[in-house]
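Okay, structure first, notes after.
The values are calculated or read from the model by the stated rules, or taken from the named source; none is laboratory data. Quick caveat: nothing in here was measured; it's all calculated off a predicted structure. Counting neighbours? That spans all protein chains shown, and the Cβs are built from the backbone with ideal geometry, glycine included.
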Amino acid sequence: MIQFLKLLFRNRLAALGAVTLSFTLLLAVLTPILPLPNPNITATADRFLPPFSDGHLLGTDHLGRDLFSRLMWGTRLSLAVGAAAALIAAFIGSTIGIVAGFMGGRTDNIIMRLVDMLMAFPYILLALAIVAALGPGLVNALFAVAAVNIPFFARNIRGVTVGLANKEFVDAARLSGMSNLQIILFEILPNVLPVIVIAMSTTVGWMILETAGLSFLGLGSQPPQADLGSMLGEARAALITSPHTSIVPGIMIFLIVMSINLLGDGVRDAIDPRLKSGALSRPLPATIVERDTTPPAPSDDLLALQDLRTEFHVGDRTYKAVGGVSLKVNKGECLGIIGESGSGKSVTALSVMGLVASPPGKIVGGAVSFQGNDLVGASYDQLRELRGDRVAYIFQDPLSTLHPLYKVGDQLIEAMQAHRKMPEKEARARAVELLEAVRIPNAARRVDNYPHEMSGGMRQRVSIAMALANEPDVIIADEPTTALDVTVQAQILTLLDELRRERDLAIVFITHDFGVVAQLCDRVAVMYAGRIVEEGPTAPILDDPQHPYTKKLMACVPELGGGKRELHAIPGLPPAVDRLPQGCAFAPRCEFAQEVCKQGEITLDANGDRAVRCLFPDKVSQTEVTS
Amino acid sequence: MAAYILKRLISAIPVLFGITLIVFLIMAMIPGDPATAILGAYATPENVAKINKDLGLDAPLFQRYFIWLGNMLTGDFGRSYSLNRPVLDEILERFNATLILAGTSFVLCALFGILAGVISAARQYGWADKAITFTVLIGISIPSFFLGMVMILVFAVRLRWFPVSGMYAIYGGGDLPDLLNHLVMPAIALAAVATGVVARMSRSAMLEVLRQDYIRTARAKGVNERKVVLGHALKSAMVTIIPVLGIQAGFVLSGAVYIEMVFQWPGIGRMLVDAILKRDILLVQGGVVFVAACYVLFNIIVDVAQSLLDPRIKS
């Protein structure tokens, strides 16, 4: 609760709303004891006095009544009526909602049908009909406004109650012999109450506005009694000659409603946990680059990452997701990047084309050299031209990575037309060709499918076809088979391998599965906590891993036909990349770790065509995995 | 698609019946009898009985409902006793004016609301976003009737850009430019709150969508940012925005009451308020049922639009 209030008041606008509203409420409560003239004493000689007249701070109205006094009393009345309407609507609506949700079955069905029926009315219209029946008057207007808000409460509270009615504690209460009424009062109600209060806080502003509206139409409070709405309604006749009589109550309604809105927004933001971490910010078209060092000179390789560093800045924390990674890949070559979740392999891949979500992501150092040009320093337009054209991505889980509302054919066509002008017909024929190339049966018909009409394997083929659309030089595949079952996975891997050989593609393949690496990759880089810990040709590394982490990771893979063998989970968790330990990041989980491992910087030492970031690689390669 | 439309139309029938029943029952709560309301307090019992017989008020409640319903289905909404003309004629004439006003406001709120929401999301935390958020906050907090009055003071009385009130000029008016000239202020005043609500919802819907994986895919394909925002993102966001537009249509349609009062617009809202004050029950009943039915039908259009946009709805 205290944390909630802190959060609420850190929002300056919400605090402003709270202060304004409290002040207004205070004035409304104090009105009877303030030294104000009687709001209903008429003085025809003093009609329409302007503001700041003698004895009348805000002037007088068309009957010479003191406007300030009437404003105070009117505000008091409007607030009281709005609050009363909110209470009535909340009470009746919540009762209906709880009964419907708790009883379920036919009762629920009938009640909710009726509620839906009421919600079919434009709601001011329903209020008008009720006032028409009951006759004009403030109490009737109050009932009308409360009545039209009942369905809102009924529906919301029913939803919450339905969720609660099946919980264990309700069953337990029933078994202990409590009656339905007791269960509702002592078990359900306490849990529903916060929702009711929140629903009230978001609707009370509307209810004040609506009762004021009915009074404005002459259907609410009747003279001489006046709420803010009827003050405005009466003043309308003199709008042009004495505008202040209209503006004074109008601004008051505006202030009340605005302060309630500000406060309500603040409450909603403080409750919604997604907003707390600032996660609801949209990623920019390209990752922000703020390099603190001069980038290295471009390399001769097709694609080379050079000491690349990518960080996430959330609040005052800095997560070093990629902490100085150097990699390269050339034509026809397949490079595997392997590591646990959170090791930074995906962020590394996304950094290449500036696709890391930003904010909060930021590239803070190093370079990505593609065909001799630095992509990190490239402008958005340069990046956009290369994206999908020369360097294409295949992502994990194509259900979320393909657009759900476009046909797959159109998504393929778009990938082509983003880079070259192409007549629709030709593009469509090419889309069918691409689908055939990734072995989708019936491609001519499938091209008109939406993603949700395809199976997971088919969708993944579509995203591969999309990556091939412009015959790129490099494909970066980010766990493209993780979401698929084993047979489909094998098919997709074979397909990728064939395509690589046919088209001389360079592939960067990101995975957490050594089996996949063995099948597909020429070289492999093992990542841990944002850095490469071992790198080299696949076969020697598989034969003789030199980093303890590589060794453990390999021990996690079950081998088919390998006989019974103990599978090993790696004890402990990878370190959080916002507070990396000194020295080797793997040391806390390593059986060979010694004091020196926890001190200073440990470098990635090259040895022939292999490299390892470990002080005792010989020890590792001689020992069988235990633990 | 035709099957879906048909299904929605059929499902609207019980709702329409429900609406007539609710309106009828609300009106049946009226204390006192309409005959006395028409004839005044000094009516003779014979005359009251005669009026009751003429209006069919001597029959039992449920019978009266079915007579009223049956008559309405044949286009006979009864006769207004305050205006002494058929209710339906009056409704159609007045509804025309309301439709012009509310329709314009609806188009305004949809257009500017979505536009503002998209700009706000695409420029999140930029000055445009801040300016829009601030304007929206004011827009949704100001009562439409007060906004209308302020607009009259500023743009009609002070600046003399637009006429103070009415739908057509009394002398020499009646053509389209004259109508538009009269329409500008009431349409904007009526649209203000709805525009604010649509802008807010659009902004948050866009922000939600822009974080999705398929937006990253579109960017990874090299689709330019304009197309990413206005094509990929907006299309998905519309799935959330369209139902909001449906609700705002009801709000604009019924909120027209206030604006029609402020601007002396000869619409159905003003007719209803007059009818309520004069206790002209048949006119109120007919008017409310008519507008509510229009809203129900409009919501079918909204649902159909939604299903056209999102292929996942039908299956």
Quickly run through region A:235-260 and pick out the residues that are touching a residue at least 60 places away in the same chain (Cβ under 8 Å), surrounded by 20 or more Cβ atoms within 10 Å (Cβ to Cβ) and closer than 23 Å to B:Gly139 by Cβ. A:Ala235, A:Val248, A:Pro249, A:Met252, A:Ile253, A:Ile256, A:Met258, A:Ser259, A:Ile260
Quick one: which helices (runs of 4 or more DSSP H) sit completely within region A:53-136 and have at least 3 residues that are surrounded by 22 or more Cβ atoms within 10 Å (Cβ to Cβ) and within 14 Å of another protein chain (Cβ to nearest Cβ)? A:67-103, A:123-134
Residue list for region B:29-80, filter: at pLDDT below 80, surrounded by 12 or more Cβ atoms within 10 Å (Cβ to Cβ) and within 14 Å of another protein chain (Cβ to nearest Cβ): B:Ile30, B:Asp33, B:Pro34, B:Thr36, B:Ala37
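For (1) surrounded by fewer than 19 Cβ atoms within 10 Å (Cβ to Cβ); (2) at pLDDT below 90, each residue gets a yes or a no:
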| position | (1), (2) |
| --- | --- |
| B:Ala128 | yes, no |
| B:Val157 | yes, yes |
| B:Pro177 | yes, yes |
| B:Met185 | no, no |
| B:Met201 | no, no |
| B:Ser204 | yes, yes |
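Determine if region B:210-217 includes at least one residue that is touching a residue at least 40 places away in the same chain (Cβ under 8 Å), at the interface with chain A (Cβ under 8 Å from one of its Cβ atoms), of a type in the set (A, V, I, L, M) and surrounded by fewer than 21 Cβ atoms within 10 Å (Cβ to Cβ). Explain how you work it out, then say what you get.
If we filter region B:210-217 for residues that are touching a residue at least 40 places away in the same chain (Cβ under 8 Å), which is where we start, we get B:210.
From the residues that got through so far, the ones that are at the interface with chain A (Cβ under 8 Å from one of its Cβ atoms) too are B:210.
Right, trim to of a type in the set (A, V, I, L, M) and you get B:210.
If we keep only those that are surrounded by fewer than 21 Cβ atoms within 10 Å (Cβ to Cβ) as well, we get none.
Scanning region B:210-217, I find no residue that is touching a residue at least 40 places away in the same chain (Cβ under 8 Å), at the interface with chain A (Cβ under 8 Å from one of its Cβ atoms), of a type in the set (A, V, I, L, M) and surrounded by fewer than 21 Cβ atoms within 10 Å (Cβ to Cβ), so the answer is no.
Okay, residues lined up against (1) within 19 Å of A:Ala477 (Cα to Cα); (2) in contact (Cβ under 8 Å) with a residue 60 or more places away in the chain:
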position	(1), (2)
A:Glu311	no, no
A:Lys331	yes, yes
A:Cys334	yes, yes
A:Ser343	yes, yes
A:Leu350	yes, yes
A:Gly366	no, yes
Can you name the number of the only condition in (1) within 21 Å of B:Ala199 (Cα to Cα); (2) loosely packed, with under 15 Cβ neighbours inside 10 Å; (3) aliphatic (A, V, I, L, M) that B:Leu137 fails? (2)
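Name the residue, out of B:Leu230, B:Leu308, B:Leu282, B:Leu234, that is farther than 30 Å from A:Ala129 by Cβ and modelled with pLDDT under 90. I'd like the intermediate steps shown before the answer.
Working: B:Leu230 fails: modelled with pLDDT under 90; B:Leu282 fails: farther than 30 Å from A:Ala129 by Cβ; B:Leu234 fails: modelled with pLDDT under 90.
Answer to the selection: B:Leu308.
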Scan region A:359-381 residue by residue and report those that are surrounded by fewer than 22 Cβ atoms within 10 Å (Cβ to Cβ) and under 24 Å from the mean Cα position of the chain (by Cα). A:Pro359, A:Pro360, A:Lys362
Could you tell me whether B:Lys221 is free of Cβ contacts under 8 Å to residues at least 12 places away in the same chain and surrounded by 24 or more Cβ atoms within 10 Å (Cβ to Cβ)? yes
Evaluate region B:181-188: report whether one residue or more is closer than 21 Å to A:Gly233 by Cβ, away from chain A (no Cβ under 13 Å) and not hydrophobic (A, V, I, L, M, F, W, C). yes
Does region A:606-624 include one or more residues that are in contact with a Gly (Cβ under 6 Å, 6 or more places away or on another chain), crowded, with 16+ Cβ neighbours inside 10 Å, aliphatic (A, V, I, L, M) and at pLDDT 75 or above? no
Say we look at region A:352-374 and pick out the residues that are closer than 10 Å to A:Val289 by Cβ and within 14 Å of chain B (Cβ to nearest Cβ); which of these is modelled with the lowest pLDDT? A:Ser358
Taking helices (runs of 4 or more DSSP H) that fall entirely within region A:388-469, which contain at least 1 residues that are surrounded by 22 or more Cβ atoms within 10 Å (Cβ to Cβ), among the polar types (S, T, N, Q) and within 14 Å of another protein chain (Cβ to nearest Cβ)? A:398-401, A:408-417, A:456-468
Kindly evaluate A:Thr42 against the criterion of being among the β-branched types (Val, Ile, Thr), under 22 Å from A:Gly218 (Cβ atoms) and crowded, with 21+ Cβ neighbours inside 10 Å. no
I'd like to check something: does region A:328-341 contain any residue that is buried (at least 23 other Cβ atoms within 10 Å of the Cβ) and at pLDDT below 90? yes
Residues in region A:225-235: is at least one under 42 Å from the mean Cα position of the chain (by Cα) and within 7 Å of chain B (Cβ to nearest Cβ)? no
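Filtering region B:259-312 down to residues that are charged (D, E, K, R) and farther than 30 Å from B:Ala169 by Cβ, which residue is farthest from the other protein chains (Cβ to nearest Cβ)? Lay out the reasoning, then the answer.
Taking region B:259-312 as the starting set, the residues that turn out to be charged (D, E, K, R) are B:260, B:270, B:274, B:278-280, B:303, B:310, B:312.
If we keep only those that are farther than 30 Å from B:Ala169 by Cβ too, we end up with B:279, B:303, B:310, B:312.
Working: B:Arg279: 8, B:Asp303: 13, B:Asp310: 6, B:Arg312: 6 Å.
The residue in question is B:Asp303.
Against the condition assigned to a helix (DSSP H, G or I) and more than 9 Å from chain A (Cβ to nearest Cβ), how does B:Ala205 come out, does it pass?
Values: assigned to a helix (DSSP H, G or I): yes; more than 9 Å from chain A (Cβ to nearest Cβ): yes.
Yes; evaluated as a whole, the condition is true for this residue.
I'd like the residue in region A:176-222 that is outside any helix (DSSP H, G or I) and within 14 Å of chain B (Cβ to nearest Cβ) and, out of all such residues, is surrounded by the fewest Cβ atoms within 10 Å (Cβ to Cβ).
If we take residues in region A:176-222 being outside any helix (DSSP H, G or I) and within 14 Å of chain B (Cβ to nearest Cβ), then A:Gln222 is surrounded by the fewest Cβ atoms within 10 Å (Cβ to Cβ).
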If I ask for residues that are under 20 Å from A:Val19 (Cβ atoms) and at pLDDT 85 or above, which ones from region A:254-291 would you list? A:Phe254, A:Leu255, A:Ile256, A:Val257, A:Met258, A:Ser259, A:Ile260, A:Asn261, A:Leu262, A:Leu263
Failed criterion for B:Gly222 (all others in (1) at the interface with chain A (Cβ under 10 Å from one of its Cβ atoms); (2) closer than 30 Å to A:Phe121 by Cα; (3) at pLDDT 90 or above hold): (2)
Just one of A:Val508, A:Val517 is modelled with pLDDT under 90, outside the structural domain of A:Lys552 (by TED's automatic domain parsing), crowded, with 23+ Cβ neighbours inside 10 Å and not in a loop (DSSP other than H, G, I, E, B); which is it? A:Val517
Residues of region A:212-234 satisfying the condition of being touching a Leu at 6+ places or on another chain (Cβ under 6 Å) and in contact (Cβ under 8 Å) with a residue 40 or more places away in the chain: A:Ala212, A:Gly220, A:Ser221, A:Asp227
Inspect all residues belonging to region A:476-492 and state whether any of them is in contact with a Pro (Cβ under 7 Å, 6 or more places away or on another chain) and closer than 30 Å to A:Arg610 by Cα. yes
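Could you tell me whether A:Gly266 is in contact (Cβ under 8 Å) with a residue 40 or more places away in the chain, within 26 Å of A:Leu128 (Cβ to Cβ) and more than 11 Å from chain B (Cβ to nearest Cβ)? Steps first, answer last, please.
On the way: in contact (Cβ under 8 Å) with a residue 40 or more places away in the chain: yes; within 26 Å of A:Leu128 (Cβ to Cβ): no; more than 11 Å from chain B (Cβ to nearest Cβ): yes.
It is false that A:Gly266 is in contact (Cβ under 8 Å) with a residue 40 or more places away in the chain, within 26 Å of A:Leu128 (Cβ to Cβ) and more than 11 Å from chain B (Cβ to nearest Cβ).
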